[in-house]
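I have placed the structure first, in the form of structure tokens, so that the comments after it can refer back to it.
The values are calculated or read from the model by the stated rules, or taken from the named source; none is laboratory data. Treat the numbers as computed from the prediction; the structure is a model and nothing was measured. Positions of Cβ are generated from backbone atoms using ideal geometry, with glycine treated the same way; all protein chains shown enter the neighbour counts. We work out accessible area using only protein heavy atoms, side chains counted, and drop any ligands, DNA or RNA first. Shrake-Rupley method; radii C 1.70, N 1.55, O 1.52, S 1.80 Å.
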Amino acid sequence: MAKTDDPSRSWRPRTQLVRGGLARSAFGETAEALFLTSGYCYPGAETAEARFKNQEPGFIYSRYGNPTVSMFEERMALLEGAAAARAVASGMAAVNAALMCQLRAGDRVVASRALFGSCRYIIEELLPRFGIETVLVDGTDLEQWSRALAKPARCIFIETPANPTLEIIDIAEVARLGRAAGARLIVDNVFATPVLQRPLELGADITLYSATKHIDGQGRTLGGVVLGSAAFINDEMTPYLRHTGPSLSPFNAWVLLKGLETLELRVAAMSAGAAQVADALAEAPGVTRVLYPGRKDHPQHALAMRQMRGGSTLIAFELTGGKERAFRALNRLKLIDISNNLGDSKSLITHPATTTHQRLSAEERQRLGISDGLLRLSVGLEDPQDLIEDLAQALGA
Ligand SMILES: *Cc1c(COP(=O)(O)O)cnc(C)c1O
């Protein structure tokens, strides 16, 4: 754990990504060591007792903590400017734990309507089973936030830019309304990445990630991480994780540490590529709408540029001709892969209405702007010109 006087706290993000949290073993290895161990031995019974009573630092069992996983947690905390972080096995484990560790029967949760499909399942179906009232609002409408937060609430859950329509929520304003309602603001920052957006600086209390996406960024492993104050992480999150066990494998933490080393370079290149592809799509035949936060025609472009450091690596666009035309375009692609994953070095495209958001009713999809002609493209590290040419031939007559 870094102390507050640790010089690594003041390193710039690019340096944090490569060196943050590095805890070398007695062998002085250059790369982060991979500790594939489930348990730990103690020099004496007194040490075991002291560690269990939390009177002495040290590892006890890898469900509780592991040196490789700790390096990943520390690097993420430094990068995000958070006091503490806990890593878990997947993004959904992060979402579930961040909510469940602090909610009780009788609490109220207010969330934006445009969310990753499984996040909506937790908020709409799972939480109400335990006596938690959940309210969904249109995230871009501050009037609705203000009304929903006129009554006290325990948590607010948002995603911005949101999946798949890339709508932008005003983090600072929702945080301000939340504070007045006594609610903690949780931001699912997957689409923006820690490179393009820092929700804690904008007033959020908790940030979380699916590390499966840009943090690994090379299609290898699942992972998740939750970041926040020391009190929240140590007193609420940690006991919940210890006793319910969604632990991140040390091997996967090691893969994620190596992914972080190139995160800024990848996200910068992918966003620059996405900006070029978005401009080309806007001119392509049969494309009625391009939703890209970095483009001036995005409905919340000004807000996006205020709270983000770039336009995103994702693009949503709509085709005339509904599902049939969308499927035809997908099936003609020769380079871009059909996949619902995102943030990968390979460009991936999906049809949200029949995949990630198929669980929602047609009416709800319409309300969210997920039409049958909508496609979501995650731009990878290929040459943008090759992506533009692949899309052009797939969209052609
Ligand atoms: C992928 C994703 C998740 C879930 O992450 P997993 O690692 O797949 O469990 C949650 N939120 C958003 C916005 C995502 O894109």
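Here are the numbers:
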read-out: GNM top mover of 385, 55, 197 - the chain, alpha-carbon springs below 10 Å; value: 55
read-out: Relative contact order (percent, whole number), segment 264-395, Cα cutoff 8 Å, 6+ residue spacing; value: 31
read-out: Segment 155-168 - phi-based ³J(HN,Hα) in whole Hz, Karplus 6.51/-1.76/1.60, Gly and Pro as x; value: 9, 10, 10, 9, 9, 8, x, 8, 8, x, 8, 6, 6, 10
read-out: Farthest positive-ward along the chain dipole, Cα basis, beta-carbon charges - from 313, 299, 91; value: 91
read-out: Accessible surface, 1.4 Å probe, highest first, among residues 264, 46; value: 46, 264
read-out: Amide H partners (placed H, <5 Å) of residue 185, local residues excluded; value: 156, 205, 206
read-out: Rule-of-thumb Rg ratio for segment 218-312 [Cα; 2.2 N^0.38 Å; N residues]; value: 1.53
read-out: Where 145, 11, 254 fall by accessible area, highest first, once all protein chains stay in place (1.4 Å); value: 11, 254, 145
read-out: Lysines with Cα under 16 Å of residue 53, excluding same-chain neighbours fewer than 8 positions away; value: none
read-out: For segment 264-395, alpha-carbon Rg and Dmax in angstrom; value: 14.0, 40
read-out: Top positive-direction residue, dipole computed over the chain with Cβ charges, set 262, 357, 17; value: 357
read-out: Share, in percent, of DSSP beta bridges within the chain that are antiparallel, nearest 5; value: 55
read-out: Accessible-area composition of the chain, carbon plus sulfur, in percent [1.4 Å probe]; value: 52
read-out: In degrees, nearest ten, helix 322-332 long axis to first principal axis of the chain (Cα); value: 70
read-out: From phi via Karplus (6.51, -1.76, 1.60), per-residue ³J(HN,Hα) for segment 127-133 in Hz, x at Gly/Pro; value: 4, x, 5, 9, x, 9, 7
read-out: For segment 7-260, accessible area per residue (1.4 Å probe, heavy atoms of protein chains only), Å²; value: 40
read-out: Set 151/323; 323/346; 258/323 screened for pairs whose C-alpha atoms are more than 32 Å apart; value: 151/323; 258/323
read-out: GNM top mover of 21, 322, 294 - the chain, alpha-carbon springs below 10 Å; value: 322
read-out: Accessible solvent surface per residue of segment 264-395, calculated while the other protein chains remain in place, 1.4 angstrom probe, Å²; value: 44
read-out: Integer Hz, Karplus 6.51/-1.76/1.60 couplings in order for segment 242-255, x for Gly and Pro; value: 4, 9, 10, x, x, 5, 7, 5, x, 4, 5, 4, 5, 4
read-out: Top of 275, 175, 48 by mean-square fluctuation, Gaussian network on the chain, Cα under 10 Å; value: 48
read-out: Size of the chain as Cα extents on the principal axes (Å, biggest first); value: 75, 50, 33
read-out: Accessible area of residue 379 in the full protein assembly, 1.4 Å probe (Å², nearest 10); value: 0
read-out: Average Cα contact separation per residue, the chain, under 8 Å, 6 or more apart, as relative contact order %; value: 16
read-out: Unit charges at the beta carbon, dipole of the chain: most positive-side option, 118, 165, 336; value: 118
read-out: Simple Cβ-charge dipole of the chain, Lys/Arg +1 and Asp/Glu -1, about Cα centre, in debye nearest 20; value: 360
